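Worksheet for the structure shown next.
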Amino acid sequence: MVQVRKIGVRPYPEENESYAGYLLRLAKLNGFEGLKDFFGTIGVKPTMVKSVGRWSSDQLFDCFTKLSPYMNRSPETLFSGFAKYFSMPWVYREKRIIQDLRLNHPRICPECIAEGRSFDWRWGMAHMSHCPHHYCQLVESCPGCEKPLDWKRELITGCSCGYKHQTSKPENHTEVSELEQKAWQSDLPTDELDSICEMIVKLSRPYDSFHQSCNAVSQEHGYSELVHRSYLMLENTGMQEEWIGSVEMVRDGLSDLGNKAVRLPVDGLSRIARNDSHASTYAPMPEYTLFVKPSRRNNTVIKSDEDIRYQVRASDLASVMGIPSAEIQHLIDGKVIKPVNSTNVLRDQLFDLRALLRLRTGPLNISDHVSVSPDSKALTKHLTSYGRLLADVIKNKIDGAFFEGYSFAEIRISPADLSNWLTKELNTACQEPVPAYKAKAVIGCSDQRLHVLVSEGAFYWARCSGSMESVDGDSFLRYIKYSSGY
Ligand SMILES: [Zn+2]
Ligand SMILES: [Zn+2]
């Protein structure tokens, strides 16, 4: 049997001590280099160090089971002090933009370290930025060499570069938001926690129009500062106005597309900020990369960080254009716009807003014109849609013009041209079976009436139309032309 060497110093966990901090304290007190070295000795895979801040309860229990003979304490006893951290429902929420609030990396309070205090579990929470004891900002990289902190034993005193943490003067302490102070004491309501996380992610890229949710926060210098500013941004209308102002400057290149396009990053915020008057200069806001998934960089045509700024989903693209989201697919099919990533699923496709600036029409040189908008009835009556007309106008297949500049939501066109185009569209659509719901919209009749018309032989059901009830295109077209007196 393998002889187990007992661990000499075996303290109990302190109040609010994190399990990772406790394990590191055990390692340090017993002369190990750090967690890796310690784990190697007790039989936990050294690679487990990487995720130590985000272990499952099973993983921690397994670690304590291996540690148990060295400590002469049962795994249950060792685990009991930390069990409560695994039963907090708010730590993980699938629908939140940051799903798991536990950080991937160590973060410390330099003052607690200088005073020899244990590691507080709240330092490892993504929505915290300050130490609950000292009201000072938490540190994620060494102030001496700026290297990211890791679970080495020096973490307990300073850094391997020789840097030692010291207690700072009281003036170094920043104002901590009331909301964060509330978060130290108790679980925040779901919606408050959700909005803090959303602000953290948005503020990490203050000029971007699109943000993705993430499973957990990875390491980046300045993260605590970002969290701190997120709390302030939620509460301080002055800061919100500055953000809006700086967005307007940075994204000025989109101003031809309208306010909506420029202000997408602060959409929602514009409603709570006090007013619209902004300074003529702005302080550039820091941009982080930690929430930009590597897959997004790899899968899309990105040459610089600036390209990321203008990426939007189809729904935002449609809202900037002032047209229904469903029309975007017609613009893609018509090769007028192209997603920047390679997926065919519209929901996951991203577009570059700047591409809209290339979509222009010449002026319409006629005085007699009609206006077509996405909800024009003539489109439905001819089995077509606004997106198809928009695509043909942009491609000069038909002579039409936007109402002005980039007003994509209204097209002016001569009545004769429109009529020809609509007839062609109807003819094309009727080369295929026509879904019953569309046929009803063309005729303007009920389901019952449609069945009567078919039984009377006005037109037929389509032979093979898949799962959807459809009418035969040929006979339907004949009926329409006959009944409208073509
Ligand atoms: Zn502290
Ligand atoms: Zn250092």
Checking the condition under 29 Å from residue 148 (Cβ atoms) and exposed (fewer than 15 other Cβ atoms within 10 Å of the Cβ), which residue from 224, 218 passes? 218
List pairs: first in the stretch 127-148 and touching a residue at least 24 places away in the same chain (Cβ under 8 Å), second within 8 Å of ligand 2 (Cβ to nearest atom) and among the aromatic types (Phe, Trp, Tyr), Cβ under 6 Å, 6+ apart or cross-chain? none
So residue 180 ticks every box in (1) assigned to a loop (DSSP other than H, G, I, E, B); (2) of a type in the set (D, E, K, R); (3) within 16 Å of ligand 1 (Cβ to nearest atom) but one. Which box is left unticked? (1)
Considering (1) among the charged types (D, E, K, R); (2) surrounded by fewer than 19 Cβ atoms within 10 Å (Cβ to Cβ); (3) under 25 Å from the mean Cα position of the chain (by Cα); (4) within 16 Å of ligand 1 (Cβ to nearest atom), say which one residue 140 fails and leave the rest. (2)
Only residues that are farther than 22 Å from residue 123 by Cα, part of a helix (DSSP H, G or I) and of a type outside the set (D, E, K, R): list them for the stretch 33-46, please. 38, 39, 40, 41, 42, 46
Where in the stretch 383-486 are there helices (runs of 4 or more DSSP H), lying wholly inside it, with at least 2 residues that are surrounded by fewer than 19 Cβ atoms within 10 Å (Cβ to Cβ) and not acidic (Asp, Glu)? 415-429, 436-443, 447-455, 473-483
Inter-residue pairs, beta-carbon under 7 Å, first over 13 Å from residue 310 (Cα atoms) and crowded, with 18+ Cβ neighbours inside 10 Å and in the stretch 243-258, second modelled with pLDDT of 95 or more and of a type outside the set (A, V, I, L, M, F, W, C), 6+ apart: 243/206
Scope the stretch 78-120; condition within 16 Å of ligand 1 (Cβ to nearest atom) and under 15 Å from residue 55 (Cα atoms); matching residues: 106
Scope the stretch 126-137; condition away from ligand 1 (no atom under 16 Å from the Cβ) and either of a type in the set (A, V, I, L, M) or surrounded by fewer than 18 Cβ atoms within 10 Å (Cβ to Cβ) (or both); matching residues: 126
Answer from 68, 87, 80 - the residue that is touching a helix residue (DSSP H, G or I) at 6+ places or on another chain (Cβ under 8 Å), hydroxyl-bearing (Ser, Thr, Tyr) and more than 16 Å from ligand 2 (Cβ to nearest atom): 68
Can you name the residue in the stretch 160-206 that is at pLDDT below 90 and in contact with a helix residue (DSSP H, G or I) (Cβ under 6 Å, 6 or more places away or on another chain) and, of all such residues, is surrounded by the most Cβ atoms within 10 Å (Cβ to Cβ)? 165
If you take the residues in the stretch 330-352 that are assigned to a helix (DSSP H, G or I) and surrounded by fewer than 15 Cβ atoms within 10 Å (Cβ to Cβ), which one is modelled with the highest pLDDT? 333
What's the number of the condition residue 209 fails, among (1) among the small types (Gly, Ala, Ser); (2) free of Cβ contacts under 8 Å to residues at least 12 places away in the same chain; (3) in contact with a helix residue (DSSP H, G or I) (Cβ under 6 Å, 6 or more places away or on another chain)? (2)
Assuming residue 211 fulfils every condition listed in (1) in a helix (DSSP H, G or I); (2) away from ligand 2 (no atom under 16 Å from the Cβ); (3) surrounded by 14 or more Cβ atoms within 10 Å (Cβ to Cβ) apart from one, which condition is it? (1)
Kindly evaluate residue 218 against the criterion of being in a loop (DSSP other than H, G, I, E, B), more than 16 Å from ligand 2 (Cβ to nearest atom) and within 17 Å of residue 104 (Cα to Cα). yes
Any chance the stretch 73-88 includes a residue that's outside any helix (DSSP H, G or I), among the hydrophobic types (A, V, I, L, M, F, W, C) and either assigned by TED's automatic domain parsing to the domain that holds residue 120 or surrounded by fewer than 14 Cβ atoms within 10 Å (Cβ to Cβ) (or both)? yes
Being modelled with pLDDT under 85, of a type outside the set (Phe, Trp, Tyr) and not assigned by TED's automatic domain parsing to the domain that holds residue 217 is true for just one of 384, 281, 361, 380. Which residue is that? 361
All-but-one check, residue 428 against (1) at pLDDT 95 or above; (2) more than 28 Å from residue 397 (Cβ to Cβ), failing number (2)
One residue is enough: does the stretch 160-177 have a residue meeting the conditions in a loop (DSSP other than H, G, I, E, B), within 16 Å of ligand 2 (Cβ to nearest atom), within 18 Å of residue 117 (Cβ to Cβ) and under 32 Å from the mean Cα position of the chain (by Cα)? no
Suppose the filter is at pLDDT 95 or above and either within 16 Å of ligand 1 (Cβ to nearest atom) or hydroxyl-bearing (Ser, Thr, Tyr) (or both); does residue 123 pass it? yes
In the stretch 149-159, how many are surrounded by 15 or more Cβ atoms within 10 Å (Cβ to Cβ) and either in a loop (DSSP other than H, G, I, E, B) or away from ligand 1 (no atom under 16 Å from the Cβ) (or both)? 7
Within the stretch 103-125, is even one residue assigned to a loop (DSSP other than H, G, I, E, B), on the phi > 0 side of the Ramachandran plot and within 16 Å of ligand 2 (Cβ to nearest atom)? no
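The values are calculated or read from the model by the stated rules, or taken from the named source; none is laboratory data. Because the structure is predicted, anything quoted here is derived from the model rather than measured. Note: ideal-geometry Cβ built from the backbone for every residue, glycine included; neighbour counts use all protein chains shown.
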